[in-house]
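The values are calculated or read from the model by the stated rules, or taken from the named source; none is laboratory data. Because the structure is predicted, anything quoted here is derived from the model rather than measured. When we count neighbours, we look across all protein chains shown, and the Cβ atoms used for this are built from the backbone with ideal geometry, even at glycine. Surface areas here come from the heavy atoms of the whole protein model, side chains and all, with no ligands, DNA or RNA. Shrake-Rupley method; radii C 1.70, N 1.55, O 1.52, S 1.80 Å.
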Amino acid sequence: MKKICTIITKLELGGAQKIALSLCTNLNKDKFETLLICGCGGILDNEAERDARVFFVKDLVRELNPLRDLKAFLSIYKILKKEKPDIVHTHSSKAGILGRLAAKLAGVQCIIHAIHGFAFNDYQNKLKKYFYILLEKICATFSDILIVECEQTKIKGLKYNIGKEKQYVKINLGVNLDEFKNYSKEKLLRKELSIKDDEILVSTIGPFKPQKNLSDFIKIADIVTRRNNKIKFAVAGDGALRNELENLIKNLKLSDYVYLLGWRRDIPDILYSSDIFLMTSLWEGMPIVSINALYCGIPMVANAVDGQIDLINDGVNGYLIKPFDIHFAAQKILLLAEDKELRTKISLKAKTTIDKNFSTEEMIKRHEELYEKCC
């Protein structure tokens, strides 16, 4: 039996976190023993403790903090030396850097890193960007496998000389498609928000952090609702930028049109209650929520970044928008909202985008094959 250690920074309600937990709980228990190392204070902490053997490292935090980072590194190293896993599989940037360094020094046989989107991007300070690139390049030299969820991530990694092409393996994100297939489609969110049958609901799902660029979501809502007051907007999520977003909604007088729902677990209902799904992210890996939305047949309008480019065929199953082009995004929202025939046509195409290759079962199978080959 092979022992697999999964390491991730924090168990929030995000794609990387769901994948990490899914691997810990669904791998073949006759072949693999699993353990999880993560930071504290995530919304999924209790769920993780219920389903997996977890080591919480209090100093493993997302923010750069040299002292805490050193303490986190030493804690991870000690756990790895004691547990002696055959494979360390890291997720997310901070855990990927500290976890791989600790695994290398602990003498772990096989080191795998899943790139759910790089920590560097075109919207940050250049010094910070190239510092992250340097760290990724160093860690890639002792990584056996670099898992990507979309071709755009691999292209970006090779562009910055992060690893060699032979190290990259593409594995689709796996989601519980049955959760959406078997949903009763009651559309309870529309009732909760008093959305009328003749009104359009545009939604998005994600944490309130700079990556998600939710201020643009609200600005798009402002442009749209000035043209058509039968279109409403909802955001499922929460985070550090909540006050900023609430103030923007207040200043634009959008309180009757934009709803901040907080963290939600009823994702199928949110999607089936929605007519259009809008994503204003500035960078992404492969967003699970996009896979879910397309599977549910929800027409998407999304910034043309990373995994969205792989998923969305512009004008066929959704629309791709240049980041920050809020007027063009608003134009596409209005087009879909006011043309039911077009909305239905794109919805049918969206449903055909996602097949069993995006299922949890297929993702687990691919990882098991990879683990066995790596060992």
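If a residue has to be part of a helix (DSSP H, G or I), open to solvent by 30 Å² or more (accessible area, probe 1.4 Å) and in contact (Cβ under 8 Å) with a residue 12 or more places away in the chain to count, how many in the range 43-73 make the cut?
So the answer is 4.
Return the pairs, sorted by first residue and then second, in which the second residue is surrounded by fewer than 13 Cβ atoms within 10 Å (Cβ to Cβ) and not aliphatic (A, V, I, L, M), the first residue lies in the range 120-140 and is in a helix (DSSP H, G or I), the beta carbons are less than 7 Å apart, and the residues are 6+ apart or on different chains.
Qualifying pairs under 7 Å: Lys137/Asn161.
Quick one: would you say Asp256 is open to solvent by 50 Å² or more (accessible area, probe 1.4 Å), out of contact with any helix residue (DSSP H, G or I) (no Cβ under 8 Å at 6 or more places or on another chain), of a type in the set (Asp, Glu) and under 26 Å from Asp339 (Cβ atoms)?
For Asp256, the condition - open to solvent by 50 Å² or more (accessible area, probe 1.4 Å), out of contact with any helix residue (DSSP H, G or I) (no Cβ under 8 Å at 6 or more places or on another chain), of a type in the set (Asp, Glu) and under 26 Å from Asp339 (Cβ atoms) - is met.
Could you grab the pairs with beta carbons closer than 9 Å, sequence gap of 6+ or different chains, first residue in the range 348-367 and on the phi < 0 side of the Ramachandran plot and of a type in the set (A, V, I, L, M, F, W, C), second one open to solvent by 100 Å² or more (accessible area, probe 1.4 Å) and assigned to a helix (DSSP H, G or I)?
Partner pairs satisfying both residue conditions: none exist.
Yes or no, residue by residue, for (1) within 16 Å of Thr6 (Cα to Cα); (2) surrounded by fewer than 17 Cβ atoms within 10 Å (Cβ to Cβ); (3) among the charged types (D, E, K, R):
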{"residue": "Ala102", "(1), (2), (3)": "yes, no, no"}
{"residue": "Lys129", "(1), (2), (3)": "no, no, yes"}
{"residue": "Thr153", "(1), (2), (3)": "no, no, no"}
{"residue": "Lys156", "(1), (2), (3)": "no, no, yes"}
{"residue": "Leu177", "(1), (2), (3)": "no, no, no"}
{"residue": "Lys181", "(1), (2), (3)": "no, yes, yes"}
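For the range 94-112, indicate whether the set of residues that are of a type in the set (S, T, N, Q), in a helix (DSSP H, G or I) and over 21 Å from the mean Cα position of the chain (by Cα) is non-empty.
Taking every residue of the range 94-112 in turn, none turns out to be of a type in the set (S, T, N, Q), in a helix (DSSP H, G or I) and over 21 Å from the mean Cα position of the chain (by Cα).
Taking Pro210 as the residue in question, decide whether it is open to solvent by 30 Å² or more (accessible area, probe 1.4 Å) and either of a type in the set (A, V, I, L, M, F, W, C) or modelled with pLDDT under 95 (or both).
Taking the combined requirement at face value, the residue satisfies it.
Taking Leu320 as the residue in question, decide whether it is more than 16 Å from Ile354 (Cα to Cα), free of Cβ contacts under 8 Å to residues at least 60 places away in the same chain and not in a loop (DSSP other than H, G, I, E, B).
Criteria met by Leu320.
Can you pull out every residue in the range 233-245 that is closer than 20 Å to Ser194 by Cα and either in a helix (DSSP H, G or I) or in contact with a Phe, Trp or Tyr (Cβ under 7 Å, 6 or more places away or on another chain) (or both)?
Within the range 233-245, Phe233, Ala234, Val235, Gly237 meet the criteria.
Only residues that are under 19 Å from Lys137 (Cβ atoms) and in a helix (DSSP H, G or I): list them for the range 151-174, please.
Gln152, Thr153, Lys154, Ile155, Lys156, Gly157, Leu158, Lys159, Glu165, Lys166, Gln167
If Leu335 satisfies every condition in (1) under 15 Å from Lys219 (Cα atoms); (2) open to solvent by 10 Å² or more (accessible area, probe 1.4 Å) but one, which is the exception?
The failed condition is (1).
Just the residues that are touching a residue at least 60 places away in the same chain (Cβ under 8 Å) and crowded, with 19+ Cβ neighbours inside 10 Å, please, taken from the range 31-42. It would help to see each step written out before you state the result.
Taking the range 31-42 as the starting set, the residues that turn out to be touching a residue at least 60 places away in the same chain (Cβ under 8 Å) are 31-32, 37.
Phe32, Ile37 - these are the residues of the range 31-42 that are touching a residue at least 60 places away in the same chain (Cβ under 8 Å) and crowded, with 19+ Cβ neighbours inside 10 Å.
Please count how many residues of the range 76-85 are touching a strand residue (DSSP E or B) at 6+ places or on another chain (Cβ under 9 Å) and open to solvent by 40 Å² or more (accessible area, probe 1.4 Å). I'd like the intermediate steps shown before the answer.
To start, the set of residues in the range 76-85 that are touching a strand residue (DSSP E or B) at 6+ places or on another chain (Cβ under 9 Å) comprises 76, 79-80, 83-85.
Imposing the further condition that a residue be open to solvent by 40 Å² or more (accessible area, probe 1.4 Å) reduces the set to 84.
Final tally of qualifying residues: 1.
In this structure, is Glu284 open to solvent by less than 20 Å² (accessible area, probe 1.4 Å) and part of a loop (DSSP other than H, G, I, E, B)?
yes
Looking at (1) out of contact with any strand residue (DSSP E or B) (no Cβ under 8 Å at 6 or more places or on another chain); (2) more than 26 Å from Leu67 (Cβ to Cβ); (3) of a type in the set (S, T, N, Q), which is the one condition that is false for Gln109?
Against the list (1) out of contact with any strand residue (DSSP E or B) (no Cβ under 8 Å at 6 or more places or on another chain); (2) more than 26 Å from Leu67 (Cβ to Cβ); (3) of a type in the set (S, T, N, Q), Gln109 comes up short only on (1).
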